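Below: one structure, written as structure tokens.
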Amino acid sequence: MKIAIGADHGGYELKQKVVKFLKENGYDIIDYGTDSNESCDYNDVALDVAHAVRDQKVDRGILMCGTGIGMSIQANKVDGIRAAHVHDLFSAKATRLHNDSNVLCMGGRIIGDEIACAITDIWLSTEFSNEERHVRRVNKIKQTD
Ligand code: RB5
């Protein structure tokens, strides 16, 4: 599975941990930065990752900023993106099963690297349920793109 990943300065340190985790687990990664703690706008990175997902250059996207909120708001502006802001394992699984989310957003100032990697792991390994009610609801989201 190919993954686009990105962060602003608030998510940079966490991104480095998640990149290491993904590489160790055999994922193919495109890293859209940022590459330091220097301040930058989350918007630009969110759009790079969201466009890579929309254009099917990758299968999924992962974004981190200080809270994960700016990244999720910006990524969800892109047609075809269902970005989920997640900080717990239950939501990580549920948003794949129910929402078929294609971008995961986390806050580097909110969660530690162990839980972030566990969230990433369950989010990447859970398939959409394909149950009729969830397909119907996701289609309603797609119709509002
Ligand atoms: C940057 O200070 C911070 O605003 C950003 O990382 C993010 O949390 C925005 O939602």
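Key figures for this structure:
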{"quantity": "Lone unmet requirement of (1) within 14 Å of the ligand (Cβ to nearest atom); (2) open to solvent by 70 Å² or more (accessible area, probe 1.4 Å); (3) touching a residue at least 24 places away in the same chain (Cβ under 8 Å) for residue 44", "calculated": "(3)"}
{"quantity": "Residue that is least open to solvent (accessible area, probe 1.4 Å), among those in the stretch 26-35 that are part of a loop (DSSP other than H, G, I, E, B) and more than 24 Å from residue 128 (Cα to Cα)", "calculated": "33"}
{"quantity": "Test: residue in the stretch 50-62 that is closer than 20 Å to residue 115 by Cβ, within 13 Å of the chain's Cα centre (by Cα) and not small (Gly, Ala, Ser)", "calculated": "yes"}
{"quantity": "Selection within the stretch 84-108 - open to solvent by less than 30 Å² (accessible area, probe 1.4 Å), free of Cβ contacts under 8 Å to residues at least 40 places away in the same chain and under 19 Å from residue 25 (Cβ atoms)", "calculated": "86, 92, 96"}
{"quantity": "Extreme residue, farthest from the ligand (Cβ to nearest atom), among residues of the stretch 72-83 that are assigned to a loop (DSSP other than H, G, I, E, B) and open to solvent by 60 Å² or more (accessible area, probe 1.4 Å)", "calculated": "79"}
{"quantity": "Close pairs (7 angstrom Cβ cut-off, 6 or more residues apart or separate chains): among the basic types (Lys, Arg) in the stretch 109-127, open to solvent by less than 40 Å² (accessible area, probe 1.4 Å) anywhere", "calculated": "109/10; 109/66"}
{"quantity": "Qualifying residue in the stretch 54-65 (condition: within 28 Å of residue 136 (Cβ to Cβ) and free of Cβ contacts under 8 Å to residues at least 24 places away in the same chain)", "calculated": "yes"}
{"quantity": "Filter result for the condition that a residue is away from the ligand (no atom under 16 Å from the Cβ) and either in a helix (DSSP H, G or I) or modelled with pLDDT under 95 (or both), over 23, 15", "calculated": "23"}
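Residue by residue, here is whether (1) more than 15 Å from the ligand (Cβ to nearest atom); (2) within 13 Å of residue 104 (Cβ to Cβ); (3) modelled with pLDDT of 95 or more; (4) surrounded by fewer than 24 Cβ atoms within 10 Å (Cβ to Cβ) holds:
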residue: 19; (1), (2), (3), (4): yes, no, yes, yes
residue: 37; (1), (2), (3), (4): no, no, yes, yes
residue: 40; (1), (2), (3), (4): no, no, yes, yes
residue: 57; (1), (2), (3), (4): yes, no, yes, yes
residue: 64; (1), (2), (3), (4): no, yes, yes, no
residue: 67; (1), (2), (3), (4): no, no, yes, yes
residue: 70; (1), (2), (3), (4): no, no, yes, yes
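The values are calculated or read from the model by the stated rules, or taken from the named source; none is laboratory data. Computed from a predicted structure; not experimentally measured. Note that we place each Cβ from the backbone using ideal geometry, even for glycine, and neighbour counts take in every protein chain shown. The protein model used for the area step is the full one, side chains on, heavy atoms only, and it has no ligands, DNA or RNA in it. Shrake-Rupley method; radii C 1.70, N 1.55, O 1.52, S 1.80 Å.
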